[in-house]
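**Q** Structure provided below as structure tokens; questions to follow.
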Amino acid sequence: MCEAPGSVVTLLCSGIQLYSAERRIADCILADVKRASMCTSAELARLSCSSEATITRLCHKLGFENYRKFQLALARDAMEQQEAQRMRDEGQDELHQALLNILANREEELRATIQAIDTRQLRQILSLLRSCEVMEVVSEGGGLPVAFDASIRFSHLGKRCVSSAVHEKNLAFAQTLTPKDILIVLSASGQSAGLEEVSAAAKGRDVPVLLITCDSHGPLAQLADYVMTASNREQRLIEGSHAASLLSPNVLIEVLYYLLRMEDL
């Protein structure tokens, strides 16, 4: 590999598709990064009830040439977590520590989101956004505020941009788009019957589809021409059911907005 893949923890939390045995290894690592970083591949295989061959495949899937380089990256993660813990321990009280936990979590989330951007694909997306005649931004439920914000931002760039909370309006408008336009779909889960219907309608008219999601392998990704992955670390802050964070999808909209304003990019 000519370029270091980066943080193991970030990669494991980035929404990458893992098989059950690989997920056991990931869960074992995330449960105790420091312990995992000191394990040989055989020891990690025993701890995660998997095999060394599966560990090797996971290393390659994450972009590491071999287990040694994977282990070194994991050791860096362990050191960063230890430093973050030291900073939390220096907090004045439990409330202050909770604030530090949220800050660290959101920093990880944003870092993972930015690191996951494919710059070659990004240039193509920016070119489409600059040249398109009409943008339609669609979402559902908790993602609607991000969709409306995107519509307002892109309208400030002089683009005709529409968005609605009504599925029937989104579907009807998608059926009027042309290949010179673009459909932007926002879905944290990566699956939604309503959004799939709108995406399929646009695809049927040869309209480029951009998906912003936390799951780059979901059904909506199969209908998209371009996928930007938003990292979601909500499960590391609170247990049980929760609404997906809007921070990362909104940051990706901001990335597109600010880059579109930079004429030389």
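The values are calculated or read from the model by the stated rules, or taken from the named source; none is laboratory data. Keep in mind the model is a prediction, meaning the values are calculated, not measured. Here the Cβ positions follow ideal geometry from the backbone for every residue, glycine too, while neighbour counts run over all protein chains shown. The area values use the complete protein model at the heavy-atom level, side chains included, leaving out ligands, DNA and RNA. Shrake-Rupley method; radii C 1.70, N 1.55, O 1.52, S 1.80 Å.
**Q** Quick one: the Cα spread of segment 77-233 along its three principal axes, in angstroms, biggest first?
**A** Result for segment 77-233: principal-axis Cα extents of 58, 32, 31 Å.
**Q** A further question on this structure: If the elastic network links every pair of Cα atoms under 10 Å, which of Ser48, Ser248, Ser163 fluctuates the most in the Gaussian network model of the chain?
**A** Top of the fluctuation ranking is Ser48.
**Q** Which value in deg cm²/dmol, rounded to the nearest 500, describes the helix-derived mean residue ellipticity at 222 nm for the chain, given -39,500 (n - 2.57) per DSSP H run of n ≥ 4 and division by the residue count?
**A** Mean residue ellipticity at 222 nm (helix-derived): -17000 deg cm²/dmol.
**Q** Right, next: Could you work out the relative contact order of segment 8-91? I mean the mean sequence separation of Cα pairs under 8 Å and 6+ apart, divided by the number of residues, in percent.
**A** Dividing the mean separation by the residue count of segment 8-91 yields 34 percent.
**Q** How many Å² of accessible area per residue for segment 117-219, probe 1.4 Å?
**A** Each residue of segment 117-219 exposes 45 Å² on average to a 1.4 Å probe.
**Q** Another question, then. For the full complex of protein chains and a 1.4 angstrom probe, list His156, His217 by accessible area with the highest value first.
**A** Solvent-accessible surface, decreasing: His156, His217.
**Q** On a 0 to 90° scale, report how tilted helix 20-31 is relative to the longest principal axis of the chain, with both axes built from alpha carbons and the result rounded to the nearest 10.
**A** It works out to around 70 degrees.
**Q** Sticking with this structure for a sec: Calculate what fraction, in whole %, of the accessible area of the chain sits on carbon and sulfur atoms when a 1.4 Å probe is rolled over the protein chains.
**A** Percent of accessible area from carbon and sulfur atoms in the chain: 53.
**Q** Quick one: putting +1 on the C-beta of Lys and Arg, -1 on the C-beta of Asp and Glu, what dipole do you get for segment 8-91 around its Cα centre, in Debye to the nearest 20?
**A** 220
**Q** Top mean-square fluctuation among Gly158, Gly218, Gly63, Gaussian network model of the chain, C-alpha springs under 10 Å?
**A** Its mean-square fluctuation being the largest, the pick is Gly158.
**Q** With a probe of 1.4 Å, find how much accessible area segment 8-91 has per residue, and write the answer as a whole number in Å².
**A** 54
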